[in-house]
1. Quick one: how many Å² of K508 are accessible to a 1.4 Å probe, rounded to 10?
2. Between S232 and K66, what is 0.36 nm times their sequence separation minus the Cα-Cα distance? Round to one decimal in nm.
3. Name the long-range amide H neighbours of D117: under 5 Å, sequence gap of 5 or more, or other chain; modelled H, no Pro or chain starts.
4. Out of the total accessible area of segment 268-412 (probe 1.4 Å, heavy atoms of protein only), what percent is carbon and sulfur?
5. If you average the sequence gap of Cα pairs under 8 Å that are 6 or more apart and divide by the length of segment 380-456, what percent do you get for the contact order?
6. Please work out which option in (i) 35.4, 154; (ii) 33.9, 114; (iii) 23.4, 71 gives Rg and Dmax of the Cα atoms in Å calculated from these coordinates, and answer with its label.
7. Any idea of the accessible area per residue across segment 289-428, 1.4 Å probe, to the nearest Å²?
8. Cross-link list K132/K253; K204/K354; K508/K528; K184/K380: which exceed 32 angstrom alpha carbon to alpha carbon?
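The values are calculated or read from the model by the stated rules, or taken from the named source; none is laboratory data. Values in this document were obtained by computation on a predicted structure and should not be read as measured data. Don't worry about glycine lacking a Cβ; one is built from the backbone with ideal geometry, like all the others, and counts go over all protein chains shown. For the accessible areas, the whole protein counts, side chains as well, though only heavy atoms, and no ligand, DNA or RNA atoms are used. Shrake-Rupley method; radii C 1.70, N 1.55, O 1.52, S 1.80 Å.
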Amino acid sequence: MRDTNFGFPRVPPPSSSPAAAAAAASQPSPKRRRVGEAAEEPPPPPEMREEALERLRGVVRDSIGKHLYASAIFLADKVAASTGDPADVYMLAQALFLGRHFRRALHLLNNSRLLRDLRFRFLAAKCLEELKEWHQCLLMLGDAKVDEHGKVLDQDDGSDIYFDKDAEDHEINIKSAICFLRGKAYEALDNRDLARQWYKAAIKADPLCYEALECLVDNYMLTCEEESELLSSLQFREEDGWLSAFYSCLIMKHEKEYVVEAKFKELERESCSISSSISGETLKNNTDVMACKAEYYHQSGEYQKCWQLTSSLLERDPFHLKGTLVHLAAAMELGHSNDLYLLACNLVKDYPQKAISWFAVGCYYYCIKKYDQARRYFGKATGLDGTFPPAWIGTGIAYAAQEEGDQAMAAFRTAARLFPGCHLPTLYMGMQYVRMHNFKLAEQFFTQAKSICPSDPLIYNELGVVAYNMKEYRKAVQLFELTLDHTSSSLNEMWEPTLVNLGHALRKLKEYQTAVSYYEKALTFPTKSLSAFAGLAYTYHLMDNFEAAINYYHKALWLKPDDQFCTDMLTYALESSCHSTARRSLV
């Protein structure tokens, strides 16, 4: 029933009963006291017994587990007010933080005078992180320095304390969490060098702090060599062998197939230490492991394998964003525009504020060759998250597809500055210089990309192209052979251009028979190119095998009827064949 007293105290109705009037007269009036008469003190509230307090603490923990944060805050406040115990104050601050009352939690922690405890200081810094007050967050975490290798150089004066010592064996080291938060603050302030150093310090302080390694790897903060050095410096517990194997698989994207397969088998073997003996399950079918393997297949050019694996992954977990990103890349390479369209629609519906959603839309438009729209959506992705590497690279590639070299170079330069551990922007800048016929500058950029990731075969292919154009044919042959040696798996259609390039270089060196073998190997793939047919025809022509030359010129012209080189050379081969036949008949 609605309250019609508007907040005023209710007035009892007058009683017409004489007995009720007499009873009321016999009660002392609360508003009238004799002079000198002391006011009656209200009885003190009974203190909470320890059993009741412990029950309420359990209810607070359960409320947090059930995401009933208002209830957790209400009850934790009463427990903290009754005891004043630091653990209860921390429990209240944590409930406030989870309930998104960041200012109130920060005020409570500052007034608790317990910021010497690292837990209290870390939670206060987390509040400042949520409030985007990055400088204050760093001040709260305290002064400390770190070197290039992730070694913390702070002067520990013994003032820091940590009350919760009993939990250290089954939690992530608090100092690791503090280092990670420092890294996030510096990254938000665009100081990526210090962010990288603090992330390295976090993972070194505790290898279980996966978020630190994820930031280093996903944001391309380390070169391939630096990733290997960091991994070798981590000190894992004996029971964490599976984690060491997983981290190894995570960073081995360009290694040989047998090396990577051995690492995945080691991961499967080590995972038995944490799997249930009853279920017999291992990490082989874990979605994170599947995403890691799919990324390796994509880097190796095994796009069909990658697509099949990510399709299986997304059937099990449709919202696994890492797997989704690799799935997008595989769909792009295979030209599955319908799948890209459906995936982009679902992502925009489910995650409208994430960069990957609009990147997926850009991928769809790029796949159907609508590069203006692709650029627009790649740009929207970078606007939502300026540290999303695929969107920057996609923007540059979309500009390059429209022959807009200056804008493409600007996008690649930005990507190279933001992601120093990613060799792709530098590699693509070198490709742009090749397109401009500036081979000296192109070679410098390819060499720089090689210093970042020396195991990527594509770099050696591009260096071979530069050497070929500079008429250094022997060097070009060596570089193309090095490309084939660095391929992580058996040859597939991704490396068909390298085989054709090698055939061209050998033809220039007049090693015709070897050149023919490489051309024929290139033609075994489904993607039969004009260049392979034309190169093979011209090589047979130079060997005076006019019949084979004419045959392959016709095949080349079937792919592109208006190719001027093949048309002219076919005419010349037919004339040469006629002259040769005439000479033989005269003899």
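1. Result for K508: roughly 90 Å² accessible.
2. On the way: separation 166, 0.36 × 166 = 59.76 nm, distance 4.07 nm.
Going from the current span to full extension adds 55.7 nm.
3. For D117, the qualifying residues are I161.
4. Details: 3450 of 7080 Å².
Exposed carbon and sulfur together represent 49 percent of the surface.
5. Details: 77 pairs, mean separation 16.6, N = 77.
It comes to 22 percent, rounded to a whole number.
6. Computed from these coordinates, Rg and Dmax of the Cα atoms in Å corresponds to label (i).
7. Details: 6080 Å² over 140 residues.
On a per-residue basis, segment 289-428 sits at 43 Å².
8. Numbers: K132/K253 35 Å; K204/K354 30 Å; K508/K528 22 Å; K184/K380 23 Å.
From K132/K253; K204/K354; K508/K528; K184/K380, over 32 Å: K132/K253.
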